[in-house]
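Accompanying notes for the structure given below.
We did not get these values from a lab; they are worked out from the coordinates using the rules stated. Every value quoted in this text rests on a predicted model; they were computed, and no experiment measured them. All Cβ positions, even for glycine, are placed from backbone atoms using ideal geometry, and neighbour counts span all protein chains on display.
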Amino acid sequence: MILDVYADVVCPWCYVGERRLEKALALRPGLEVERRWRPFQLQPGMPEGGIPWDVYARRKFGGELNARGSFAHLTAVAESEGIRFDFGRVASAPNTVDAHRLILFAGAPERGLQWPLVDAFFEAYFSDGRNLNDHEELVAVAAGAGLNAEEVRRYLAGDEGKAEVRASQEDAYAKGVQGVPFHAFDGGRTVSGAQPVEEFLQALDGVRAGHARVE
């Protein structure tokens with residue numbers, strides 16, 4: 001079963017949705033699912049170096065105080081999923097092209113570290129407030145997930161992967177994706193948003209049943 005996950009590493013609901021999906025997959029241990037990260041930038045027009053969090057908060061929420069209020073419920077939901085959000089430590093709103101590039105890099109067959117890196121980026125940003133626009137920060141997070149630091153540093157110095165990130169965004173728009181997370185299963189079934197575990201289980205079981213009928 002192929003499962004394409006359109007998401008962004010600075011999307012809090014993507015973090016919650018990923019944790020719920022992982023719980024659903026753990027409840028179906030005999031099901032072979034190939035999860036594929038599909039880059040989707042929530043802010044594709046973000047300046048290359050990102051912007052300070054307080055500037056972003058004023059633009060999006062009308063101020064940091066309003067932003068904190070908007071995230072209060074989300075923080076509680078995240079805690080129920082075993083996730084620690086610390087928005088007080090978030091210092092920047094980054095352009096996530098390089099983070100997406102590294103996730104694709106980590107997903108190469110010879111590395112096989114795509115999802116460990118996804119989880120590492122989520123935690124680095126939402127729990128630790130690390131700057132995902134800083135290449136050395138990206139290198140450190142990637143190395144912590146098991147990648148070779150020097151390989152990552154060389155990769156970031158080039159442009160490889162940028163076209164793939166743009167193509168994924170365009171593919172998402174072509175599919176009608178307006179927001180993330182968005183989960184596209186083979187056979188056409190989709191799950192939009194950070195749905196409860198039960199919703200993911202229904203989708204997994206439905207796709208499996210469809211495969212069985214074809215076989």
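Taking LYS60 as the anchor, which lysines have their alpha carbon closer than 29 Å to its alpha carbon, excluding any fewer than eight residues away along the same chain? Those lysines meeting the cut-off are LYS162, LYS175. Computed per residue of the chain from DSSP H runs no shorter than four, each worth -39500 (n - 2.57), the mean residue ellipticity at 222 nm is -16500 deg cm²/dmol.
Semi-axes of the equivalent ellipsoid of the chain are 28, 21, 16 Å, computed as sqrt(5λ) over the eigenvalues of the C-alpha gyration tensor in descending order.
Which residues in the range 109-135 have a backbone N closer than 13 Å to a point placed 7 Å from the Cα of ASN148 along the Cα-to-Cβ line? Only 110-111 fall inside the zone, counting backbone N under 13 Å.
Relative to the Cα centre, what is the charge dipole magnitude of the chain, using +1 at the beta carbon of each Lys and Arg, -1 at the beta carbon of each Asp and Glu, and rounding to the nearest 20 debye?
With only Lys, Arg, Asp and Glu charged at Cβ, the dipole is about 460 debye.
Here the spin labels are modelled as points 7 Å beyond Cα on the Cα-Cβ line, and at ARG36 and GLU170 they lie 1.7 nm apart. Fully extending the segment from HIS211 to GLU22 would add 65.9 nm, taking 0.36 nm per residue of separation and subtracting the current Cα-Cα distance.
Extension gain for VAL55 to ILE2 (0.36 nm times residue separation, less C-alpha to C-alpha distance): 15.2 nm. Using 0.36 nm per residue and subtracting the Cα-Cα separation, the extra length available between ALA76 and ASP186 on full extension is 36.3 nm. The separation of the range 150-167 from the range 9-45, counted between C-alpha centres, amounts to 22 Å. Amide H to amide H distances under 5 Å link SER92 with TRP53, where only residues 5 or more positions off or on other chains count and H is placed in the peptide plane.
Annotation: Cα Rg of the range 109-179 relative to the compact-globule expectation 2.2 N^0.38 Å equals 1.24. Close amide H contacts of ARG36 (hydrogens built in the peptide plane, cut-off under 5 Å, sequence separation of 5 or more or a different chain): LEU3, ASP4, VAL5.
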